[in-house]
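Q: My questions all concern the structure below.
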Amino acid sequence: MQRFKNVLLVFDRDRETLRRAVTLAKSNRARLTVVGVLEGLPANAGTPVTGTPRLDVRELVVNEQREQLAKFISRFRGQRIRIDTDVLVGNPSLEVIREVVRNKRDLVIMTAEGRTGLRQRLFGSTSMHLMRKCPCPVWVMKPTQRKRLAKVLAAVDPYSSTEEGRLLNIKILDLATSLAQTDRGELHIVHAWTLFGEDLLRRRSSKRELDEWVRAERRKHEESLDELLQRYSSLGLNHQRHLVKGPARMVIPDVAERVGADLLVMGTLCRTGIAGFFIGNTAEHVLQHVECSVFTVKPDRFITPVK
């Protein structure tokens, strides 16, 4: 997979996340930067001591963080990969996004804050804010992530009527197929579908008529999924399709749990047209209820509200 050239890893002392970031950077021949973020550090933090020069505690804290970063990446020195380090000061999500914009990073990798998985701890956390507002893809890794991605799940909506939605589907599948190929894992594709107005139709039509409409609707979605996957038929990937009737916010977490997904690759597309407000109710619900690592991508037109 050669899709990223400027990868940013948020320091969290998790060795597996670092190993994954290094592996990805090497395979992409990309630059890797590891940043530590110091939150709540006063702008002027000094300790006056009688008879001695004033100590710059802020500088001492920043330097200590630099030393920790250097030690953290030391095992990968000399492995034909460029690894830089830096220390950011301020609100973690805001400073990471500013770093992305400032230095044109094209991928952020970080460890999920919840030590037993993403559930409950992801929403409202640094990782969630990044997935909402960061302009580049964000890969949030579960702390107990296995070294190999045995099962990669791609959530797509091939029935999307917009060009933006079509391009987002391609971006999701390109990433998911590349990751599955790299780790020799299974690729699973999930698409949730519903029959619009089914409850109303059930009250005003016969069961036979409703069943026919449901079958017809399913065929439409199945044909759309077939068309989307044609461009990947030559890859020879071990893949399974999951065309499931039901709301996406419920279907995607259920399928992720049922197949034992190690990674969910999904897009976040909002139809409100408000710049920076891209993650709707479906994505919010999915990200709160999956237990695996997540890789989120945004439409190309997305502009972060963070300056």
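Q: Restricting to region 146-182, count the residues that are assigned to a loop (DSSP other than H, G, I, E, B) and either buried (at least 19 other Cβ atoms within 10 Å of the Cβ) or aromatic (Phe, Trp, Tyr) (or both). Outline the logic, then answer.
A: Within region 146-182, the first condition is being assigned to a loop (DSSP other than H, G, I, E, B), and the residues that meet it are 146-150, 156-162.
Narrowing further to those that are either buried (at least 19 other Cβ atoms within 10 Å of the Cβ) or aromatic (Phe, Trp, Tyr) (or both): 149, 156-159.
Adding up the residues that qualify gives 5.
Q: Here's a check for you: in region 1-15, which residue that is closer than 21 Å to Gln181 by Cα and at pLDDT below 90 is surrounded by the fewest Cβ atoms within 10 Å (Cβ to Cβ)?
A: Restricting to residues being closer than 21 Å to Gln181 by Cα and at pLDDT below 90, the top hit is Gln2.
Q: If you scan region 225-263, which residues turn out to be modelled with pLDDT of 95 or more and hydroxyl-bearing (Ser, Thr, Tyr)?
A: none
Q: Also: So is Gln79 surrounded by 13 or more Cβ atoms within 10 Å (Cβ to Cβ) and either modelled with pLDDT of 85 or more or outside the structural domain of Leu175 (by TED's automatic domain parsing) (or both) or not? Working first, answer last.
A: Numbers: surrounded by 13 or more Cβ atoms within 10 Å (Cβ to Cβ): no; either modelled with pLDDT of 85 or more or outside the structural domain of Leu175 (by TED's automatic domain parsing) (or both): yes.
Spelling it out, it is not the case that Gln79 is surrounded by 13 or more Cβ atoms within 10 Å (Cβ to Cβ) and either modelled with pLDDT of 85 or more or outside the structural domain of Leu175 (by TED's automatic domain parsing) (or both).
Q: Does at least one position in region 110-120 carry a residue that is out of contact with any Cys (no Cβ under 6 Å at 6 or more places or on another chain), at pLDDT 85 or above and part of a strand (DSSP E or B)?
A: The answer is yes; a qualifying residue exists.
Q: What number of residues within region 99-116 are among the charged types (D, E, K, R) and more than 26 Å from Lys142 (Cβ to Cβ)? Talk me through it step by step, then tell me what you get.
A: As a first pass, look at region 99-116 and keep what is among the charged types (D, E, K, R): 99, 102, 104-106, 113, 115.
Then keep just the ones that are more than 26 Å from Lys142 (Cβ to Cβ); that gives 102, 104.
Residues flagged as among the charged types (D, E, K, R) and more than 26 Å from Lys142 (Cβ to Cβ) within region 99-116 amount to 2.
Q: Follow-up question, since we're still on this one. How do the pairs read when you match residues in region 81-95 that are assigned to a strand (DSSP E or B) with residues anywhere that are crowded, with 17+ Cβ neighbours inside 10 Å and hydroxyl-bearing (Ser, Thr, Tyr), using Cβ under 6 Å and keeping only pairs 6 or more apart or on different chains?
A: Matching pairs, first to second residue: Asp84/Thr33.
Q: How many of the residues making up region 183-236 are in a loop (DSSP other than H, G, I, E, B), crowded, with 16+ Cβ neighbours inside 10 Å and either in contact with a Ser or Thr (Cβ under 9 Å, 6 or more places away or on another chain) or of a type in the set (S, T, N, Q) (or both)?
A: From region 183-236, those in a loop (DSSP other than H, G, I, E, B) are 183-185, 194-197, 205-206, 236; that's our starting set.
Filter once more, keeping what is crowded, with 16+ Cβ neighbours inside 10 Å: 183, 185, 195.
Then drop every residue that is not either in contact with a Ser or Thr (Cβ under 9 Å, 6 or more places away or on another chain) or of a type in the set (S, T, N, Q) (or both), which leaves none.
Of the residues in that region, 0 qualify.
The values are calculated or read from the model by the stated rules, or taken from the named source; none is laboratory data. Computed from a predicted structure; not experimentally measured. Cβ coordinates were reconstructed from backbone atoms using ideal geometry, including for glycine residues, and neighbour counts include every protein chain displayed.
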